[in-house]
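The values are calculated or read from the model by the stated rules, or taken from the named source; none is laboratory data. Keep in mind the model is a prediction, meaning the values are calculated, not measured. Cβ placement follows ideal geometry from the backbone for every residue including glycine, while neighbour counts extend to all protein chains displayed.
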Amino acid sequence: MSTVVKTSRKSAAKSKTSKLEVLRAPNFNVPWLVHGFSTRLGGLSDVYGPRALNLGITEHDTRENVERNRARFAQAIGAGDEKKPWPLVQVKQVHSGVVHRVTSDAHEALTGDGLITNVPGLLIGVKTADCIPVLVVDTKKRAVGAFHAGWRGTVARIVEKGIGEMRKYFGSNPRDIQAAIGPGVHRCCYTVGEELVRAFESQFAYAKELFHEEYDFESLHNKYPMLFLNQRAPGHGEPATKIQLDLVEANRRQLIDAGVSEKNIFAFADCTSCDTKRFFSHRAEFGKTGRMLATIGIKP
């Protein structure tokens, strides 16, 4: 069973003036840590709805809006203020298994889907709009990680590799790591094809546990509108099912396989595709949407 806990707006931290909402993992109760998962609420962009907190450079929004939104978000999580936010290190995300170690904010453009660091005073973060964001913190070695896990990155074991890189560079013991799986598309809204089943089965012995089939006569009827003329005996026609992938569970299993204790993993129950009033969703909004940010950093 997934370790999933329901959240509400009452449990999220908000700025009183802007109504900017920050989601924080309750297991990240470490005094030297700052972190947060953004929503779409409380920003300065209007292209994705009024006062949207778009934190990604997109073709529809302006860079000025995004930079101001990022500064507001950094202040909300305690990483500087709007005039002088902590430096934010990101990657050009390509749905891969590539993880970079960050040693300062003076980096050339990085390509990949994971970041780890033990440098105080800067933020590392990943952008999402349905994909699964995963933040981790080594409470003993004072090291952190941020990973972007779409289905391709999950198949490429981005989270497992990230924990491995923390062991390599920081001497992290996975038993000392706390992990948080942020809001993303849940299985209720993530219908996939057989090719994804085969991709996961090629990598994970437990792949069948990640997929669920549900009866879906409507989609079958749309595909075959003359289905009522089918003369085959009952039970011999094409099944009216849809396949749904549980990306949250897939990444939870990777954390466990990497050595993270199950009790140290917190997963938000929020589905981005179900709640577009609160979250950006590439899937539900047909590609025209903003980006949320999952960030983490170490206080100086």
Criterion: in the same structural domain as Y48 (by TED's automatic domain parsing), touching a Leu at 6+ places or on another chain (Cβ under 9 Å) and under 16 Å from V89 (Cβ atoms) - qualifying residue of G150, G145: G145
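Condition check ((1) in the same structural domain as R40 (by TED's automatic domain parsing); (2) touching a Pro at 6+ places or on another chain (Cβ under 7 Å); (3) in a strand (DSSP E or B); (4) crowded, with 19+ Cβ neighbours inside 10 Å) across all residues:
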site	(1), (2), (3), (4)
M166	yes, no, no, yes
Y169	yes, no, no, no
S172	yes, no, no, yes
R175	yes, no, no, no
A179	yes, no, yes, yes
R198	no, no, no, no
Q203	no, no, no, no
E209	no, no, no, no
E213	no, no, yes, no
Residue pairs meeting the criteria (Cβ under 7 Å; at least 6 apart or on separate chains; first over 20 Å from S38 (Cβ atoms) and at pLDDT 95 or above, in region 143-157; second small (G, A, S) and part of a helix (DSSP H, G or I)): T154/A250; V155/A199
Qualifying residues in region 28-59 (those that are assigned to a strand (DSSP E or B) and β-branched (V, I, T)) - the one surrounded by the fewest Cβ atoms within 10 Å (Cβ to Cβ): V47
Some residue of region 38-48 being in contact with an Asp or Glu (Cβ under 8 Å, 6 or more places away or on another chain) and of a type in the set (F, W, Y): yes
Filtered residue count, region 69-99, keeping only those that are basic (K, R) and in contact with a helix residue (DSSP H, G or I) (Cβ under 9 Å, 6 or more places away or on another chain): 2
Boolean, E160 is outside any loop (DSSP other than H, G, I, E, B) and assigned by TED's automatic domain parsing to the domain that holds A74: yes
Residue pairs meeting the criteria (Cβ under 8 Å; at least 6 apart or on separate chains; first over 19 Å from K140 (Cα atoms), in region 103-128; second among the aromatic types (F, W, Y) and outside any loop (DSSP other than H, G, I, E, B)): D113/F147; G114/F147; V126/F147
Residue in region 11-21 that is at pLDDT 95 or above and under 21 Å from the mean Cα position of the chain (by Cα) present: yes
Members of region 67-94 found to be under 17 Å from the mean Cα position of the chain (by Cα), part of a loop (DSSP other than H, G, I, E, B) and surrounded by fewer than 17 Cβ atoms within 10 Å (Cβ to Cβ), listed by number: V94
Condition met for T289 (modelled with pLDDT of 95 or more, surrounded by 17 or more Cβ atoms within 10 Å (Cβ to Cβ), in a strand (DSSP E or B) and in contact with a His (Cβ under 9 Å, 6 or more places away or on another chain)): no
Positions within region 181-195 being touching a strand residue (DSSP E or B) at 6+ places or on another chain (Cβ under 9 Å) and either outside any strand (DSSP E or B) or without any contact (Cβ under 8 Å) to a residue 40 or more places away in the chain (or both), in sequence order: G182, P183, V185, H186, R187, C188, C189, Y190, G193, E194
Output for region 104-130, where each listed residue is modelled with pLDDT of 95 or more and surrounded by fewer than 24 Cβ atoms within 10 Å (Cβ to Cβ): T111, G112, N118, V119, P120, G121, L122, K127
Close pairs from region 246-267: first surrounded by fewer than 22 Cβ atoms within 10 Å (Cβ to Cβ), partner modelled with pLDDT of 95 or more and among the acidic types (D, E), Cβ under 7 Å, at least 6 apart: I256/E262; D257/E160; A258/E160
